[in-house]
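What follows is a set of notes on a single structure, which appears directly below.
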Amino acid sequence: DRDPFFLSLCAAVNERDGVRGRVCARDLLDRNWRRDLAAGYEAVVAANSLHWMSRERVRDLFVEVFELLRDGGSFLFMEPVGNEEVFAAGFAAWRSRQPSQHTHEDWMAFWSRVNALLGCDYVKEMGERDPKRIDDKLPVMGWVQMVREAGFGSVDILLRDAEKVVDRKSTRLNSSHITI
């Protein structure tokens, strides 16, 4: 990560849990982010970072991550997704009936606390957003396509709130894990 706030959280959790290794600051937009990293990792994890980049950069980044992994290694990432066009109208109607997860005031209060802890304007420090960023518009299958194009042999999708999803008969789904 390039973010000192999240790097400090990672280091603290690693120390608490006895995870060996090092935490290093890297900007994934920098094509040289892999400098002095060995290959053969069991896993690479990216949380909520890829959607800030352009599709072109993410495509290249997936190949770079693939090259860092050992045979059979795993790449785990969590990103917001858009809906498939065919489902857009139905999803918009459903979503309009759901309570909001977060209000603007919630986010402002959170970032105010972060700024107080860090002693700076965190969002300003992180810089301008890429106007070509993926954002939350790319559907799941768009992410899957980029992963497959990078050379990954299998793709598993875990839906965050799948246990809340119900089918047409209002019965709970048995699994929140979909394998494609």
The one condition in (1) in contact (Cβ under 8 Å) with a residue 40 or more places away in the chain; (2) loosely packed, with under 10 Cβ neighbours inside 10 Å that Asn83 fails to fulfil | (2)
Scope the stretch 7-24; condition surrounded by fewer than 11 Cβ atoms within 10 Å (Cβ to Cβ) and assigned to a loop (DSSP other than H, G, I, E, B); matching residues = Gly18, Arg20, Gly21, Arg22
Considering (1) within 24 Å of Val81 (Cα to Cα); (2) open to solvent by 40 Å² or more (accessible area, probe 1.4 Å); (3) of a type in the set (Lys, Arg), say which one Arg57 fails and leave the rest.
-> (2)
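Of the residues that make up the stretch 34-49, is at least one in contact (Cβ under 8 Å) with a residue 40 or more places away in the chain, out of contact with any His (no Cβ under 7 Å at 6 or more places or on another chain) and of a type outside the set (D, E, K, R)? Give the derivation first.
Initially, the stretch 34-49 is screened for residues in contact (Cβ under 8 Å) with a residue 40 or more places away in the chain, giving 49.
When the remaining residues are screened for being out of contact with any His (no Cβ under 7 Å at 6 or more places or on another chain), the result is 49.
Going one step further and asking which of them are of a type outside the set (D, E, K, R), we end up with 49.
Checked the stretch 34-49: at least one residue is in contact (Cβ under 8 Å) with a residue 40 or more places away in the chain, out of contact with any His (no Cβ under 7 Å at 6 or more places or on another chain) and of a type outside the set (D, E, K, R).
Of the residues that make up the stretch 18-40, is at least one within 22 Å of Asp156 (Cα to Cα) and more than 18 Å from the chain's Cα centre (by Cα)? It would help to see each step written out before you state the result.
Here is the first cut: in the stretch 18-40, the ones within 22 Å of Asp156 (Cα to Cα) are 40.
From the residues that got through so far, the ones that are more than 18 Å from the chain's Cα centre (by Cα) too are 40.
Checking the stretch 18-40: at least one residue is within 22 Å of Asp156 (Cα to Cα) and more than 18 Å from the chain's Cα centre (by Cα).
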Scan the helices (runs of 4 or more DSSP H) fully inside the stretch 55-149 and keep the ones with 3 or more residues being modelled with pLDDT of 85 or more.
-> 55-68, 88-96, 104-118, 140-149
Please find, within the stretch 97-125, the residue that is most open to solvent (accessible area, probe 1.4 Å) out of those that are farther than 21 Å from Pro4 by Cβ and among the hydroxyl-bearing types (Ser, Thr, Tyr).
-> Ser100
Those residues of the stretch 26-54 which are part of a loop (DSSP other than H, G, I, E, B), open to solvent by 80 Å² or more (accessible area, probe 1.4 Å) and in contact with a helix residue (DSSP H, G or I) (Cβ under 7 Å, 6 or more places away or on another chain) amount to Leu29
Surrounded by 10 or more Cβ atoms within 10 Å (Cβ to Cβ) and modelled with pLDDT of 90 or more - does that describe any residue in the stretch 152-171?
-> yes
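Given the criteria over 20 Å from Arg129 (Cβ atoms) and either in contact (Cβ under 8 Å) with a residue 40 or more places away in the chain or within 19 Å of the chain's Cα centre (by Cα) (or both), does Leu68 qualify?
On the way: over 20 Å from Arg129 (Cβ atoms): yes; either in contact (Cβ under 8 Å) with a residue 40 or more places away in the chain or within 19 Å of the chain's Cα centre (by Cα) (or both): yes.
Yes; evaluated as a whole, the condition is true for this residue.
The values are calculated or read from the model by the stated rules, or taken from the named source; none is laboratory data. Quick caveat: nothing in here was measured; it's all calculated off a predicted structure. Cβ: placed from backbone, ideal geometry, glycine included. Neighbour counts: every protein chain shown. For the accessible areas, the whole protein counts, side chains as well, though only heavy atoms, and no ligand, DNA or RNA atoms are used. Shrake-Rupley method; radii C 1.70, N 1.55, O 1.52, S 1.80 Å.
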